[in-house]
Amino acid sequence: MTELHPYDEEAYDEDSKPADAQTVLMKMIAEKAMIMEARKQTYLEDETISSSIKRYRETRLVNLLAQRYVEQNRDKMIAREDEIKQRMQADPKLDHAQAKAEIERAKAGKLLDGYYAQIHTKSRLKKLDQYFPRAIEIFQKLMRQPKEPRNVPWMQTSQVRDELAPSEKNMVLAQYSGGKITLEDWLEAYCDIVPPRRPAIDTPQAVDEMLERALRMPLLVWEATSLGLDKDPELVKQITDYEDRRLLGEATLAKHKEAKEPTSEEVVAYFNKNKGAFGTSKQLEIDLVWCEDLATARKAKAELDAGKDFEAVREQYSLEKKGKAFHTQPGSEGLFWKDLWAGEPGSILGPLKGFYGRGIKWRIVKILQKTPGQGKEYSSDMEPQVKGRMMDERRKELVAQYNNELLKKYPFQIYPDRINSLDPLNIP
């Protein structure tokens with residue numbers, strides 16, 4: 001479904017081949033090969049990537065812990081009728097369902113806070129407050145004396161990663177049964193706070209308060225792991241999928257960086273060869289009747305052909321009872337554009353397929369106005385636009401070449417009989 005939609009509406013090529021099962025499958029195989037190669041090249045050891053994956057894992061794991069605990073204590077969250085009435089009296093704008101939801105959210109919050117207090121107690125937490133003064137010194141150094149100029153007044157996460165010595169990063173501020181909190185953990189937790197809400201860190205008490213904030217996620221992760229939730233199959237799949245997305249993104253970006261910028265002469269030559277791509281796009285003004293299925297669309301079209309009013313047909317058959325005319329162009333319609341452009345003003349086309357939400361539905365289309373595209377002559381202020389399109393093509397070419405290399409390196413097998421019957425335009 002993703003492949004059917006144009007990626008870049010302005011640069012959409014009307015002559016692009018429509019996506020088919022074989023093409024999409026080959027792209028998926030190539031992406032999997034890029035992910036495998038990225039793992040082999042130890043991309044996961046990159047601190048930025050590993051930190052992102054760690055945060056994702058911890059967030060998903062803690063969410064699973066909270067969900068599990070709430071489900072186990074569902075009876076303690078139920079809002080009583082007297083509580084709901086009292087809440088509605090306090091805020092007359094709330095209806096019964098809203099008041100009930102607010103009360104149950106508040107109860108869930110208190111329930112989870114109590115659970116965290118239990119975890120905190122059994123963690124055997126020990127704070128190493130003798131290092132708090134040193135933490136303040138390092139914090140102030142990052143704030144007031146960054147090694148690289150900052151264009152913002154607040155500390156940035158990159159400083160924690162790049163400006164601290166290993167001994168500073170690894171300085172332990174707290175220990176508990178499941179692990180420890182280092183200065184690096186503490187500073188990263190600080191950087192996670194939206195800058196306007198970040199507290200001043202100039203006293204041991206401020207260090208301690210920030211340490212309590214930094215402890216919450218690790219202690220919850222420790223509890224979840226002790227319960228074996230880190231082995232949950234769905235969680236493991238989510239984390240692996242996230243790793244794959246990060247690795248694919250980084251591998252693609254690495255190839256993109258190899259693209260060389262075109263010279264001014266190359267830009268002009270490219271424009272002259274592709275003038276049609278830089279003019280004003282073709283455009284249609286249309287009105288629609290969206291139908292649930294082909295049979296409904298045929299009934300709607302038959303009644304329109306018989307002279308029934310368009311609005312009346314929409315009211316009777318459309319998924320959207322209230323509609324209005326709008327303008328569309330090739331980049332919005334993708335592979336469905338050619339059928340629309342074949343119509344003339346005043347004509348009613350269909351049944352035709354089109355993008356509806358995240359899927360595809362049948363529609364009846366009334367063509368109201370048809371505006372051909374117009375060409376442009378080159379001017380110097382167009383250079384960024386032309387250069388951008390050229391760079392995009394060069395990046396895609398580099399990735400395609402890389403994919404071809406990897407597909408030779410990683411053997412694969414396709415089963416044609418299992419995909420030949422797949423129709424991309426008829427996905428349930």
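The values are calculated or read from the model by the stated rules, or taken from the named source; none is laboratory data. Remember, predicted model here, so these are calculated numbers, not experimental data. All Cβ positions, even for glycine, are placed from backbone atoms using ideal geometry, and neighbour counts span all protein chains on display.
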Note on V70: of the conditions (1) outside any loop (DSSP other than H, G, I, E, B); (2) β-branched (V, I, T); (3) surrounded by fewer than 17 Cβ atoms within 10 Å (Cβ to Cβ); (4) in contact (Cβ under 8 Å) with a residue 12 or more places away in the chain, unmet is (3)
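Taking the condition among the charged types (D, E, K, R), at pLDDT 95 or above, buried (at least 17 other Cβ atoms within 10 Å of the Cβ) and outside any helix (DSSP H, G or I), does D287 pass? I'd like the intermediate steps shown before the answer.
On the way: among the charged types (D, E, K, R): yes; at pLDDT 95 or above: yes; buried (at least 17 other Cβ atoms within 10 Å of the Cβ): yes; outside any helix (DSSP H, G or I): yes.
Spelling it out, D287 is indeed among the charged types (D, E, K, R), at pLDDT 95 or above, buried (at least 17 other Cβ atoms within 10 Å of the Cβ) and outside any helix (DSSP H, G or I).
Listed here are the residues, each with its yes/no results for (1) free of Cβ contacts under 8 Å to residues at least 40 places away in the same chain; (2) on the phi < 0 side of the Ramachandran plot; (3) not assigned by TED's automatic domain parsing to the domain that holds A295.
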| residue | (1), (2), (3) |
| --- | --- |
| G357 | yes, no, no |
| Y378 | no, yes, yes |
| D381 | yes, yes, yes |
| R394 | no, yes, yes |
| E397 | yes, yes, yes |
| A400 | yes, yes, yes |
| N403 | no, yes, yes |
| L406 | no, yes, yes |
T296 vs (1) closer than 26 Å to D392 by Cβ; (2) touching a helix residue (DSSP H, G or I) at 6+ places or on another chain (Cβ under 9 Å): all pass except (1)
Conditions (1) in contact with a Cys (Cβ under 8 Å, 6 or more places away or on another chain); (2) closer than 22 Å to Y12 by Cα: number failed by Y317: (2)
Neighbours by Cβ (under 7 Å, 6+ apart or cross-chain): first from region 259-277, of a type in the set (V, I, T); second surrounded by 11 or more Cβ atoms within 10 Å (Cβ to Cβ) and in a helix (DSSP H, G or I): V267/E383; V267/V386; V267/K387; V267/M390
Region 73-91, subset assigned to a helix (DSSP H, G or I) and basic (K, R), residue nearest to the chain's Cα centre (by Cα): R74
Residues to consider are L284, L340, L288, L352; find the one that is within 22 Å of D15 (Cβ to Cβ) and touching a residue at least 60 places away in the same chain (Cβ under 8 Å). L284
So, of the residues in region 159-183 that are of a type in the set (S, T, N, Q) and over 29 Å from A224 (Cβ atoms), which turns out to be surrounded by the most Cβ atoms within 10 Å (Cβ to Cβ)? Q159
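Considering only region 92-187, give the helices (runs of 4 or more DSSP H) lying wholly within it that have at least 1 residues that are within 34 Å of the chain's Cα centre (by Cα) and of a type outside the set (A, V, I, L, M, F, W, C). If you could, list the steps in order and put the result at the bottom.
Numbers: elements: 96-122, 132-144, 157-162, 166-169.
Of the helices (runs of 4 or more DSSP H) lying wholly inside region 92-187, those with at least 1 residues that are within 34 Å of the chain's Cα centre (by Cα) and of a type outside the set (A, V, I, L, M, F, W, C) span 96-122, 157-162, 166-169.
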Is it the case, given these coordinates, that T121 is among the hydroxyl-bearing types (S, T, Y), without any contact (Cβ under 8 Å) to a residue 60 or more places away in the chain and either at negative phi or loosely packed, with under 11 Cβ neighbours inside 10 Å (or both)? yes
Count, please, the residues in region 303-332 that happen to be in contact with a helix residue (DSSP H, G or I) (Cβ under 7 Å, 6 or more places away or on another chain) and either of a type in the set (A, V, I, L, M, F, W, C) or surrounded by 13 or more Cβ atoms within 10 Å (Cβ to Cβ) (or both). 7
Of those in region 207-258 that are free of Cβ contacts under 8 Å to residues at least 60 places away in the same chain and aliphatic (A, V, I, L, M), the residue surrounded by the fewest Cβ atoms within 10 Å (Cβ to Cβ) is L253
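Before we move on, is R55 out of contact with any Gly (no Cβ under 8 Å at 6 or more places or on another chain), assigned to a helix (DSSP H, G or I), without any contact (Cβ under 8 Å) to a residue 60 or more places away in the chain and under 23 Å from Q238 (Cβ atoms)?
Working: out of contact with any Gly (no Cβ under 8 Å at 6 or more places or on another chain): yes; assigned to a helix (DSSP H, G or I): yes; without any contact (Cβ under 8 Å) to a residue 60 or more places away in the chain: yes; under 23 Å from Q238 (Cβ atoms): yes.
In short, yes.
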Working only within region 29-66, note down all residues that are modelled with pLDDT of 95 or more, of a type in the set (D, E) and under 24 Å from R161 (Cα atoms). E58
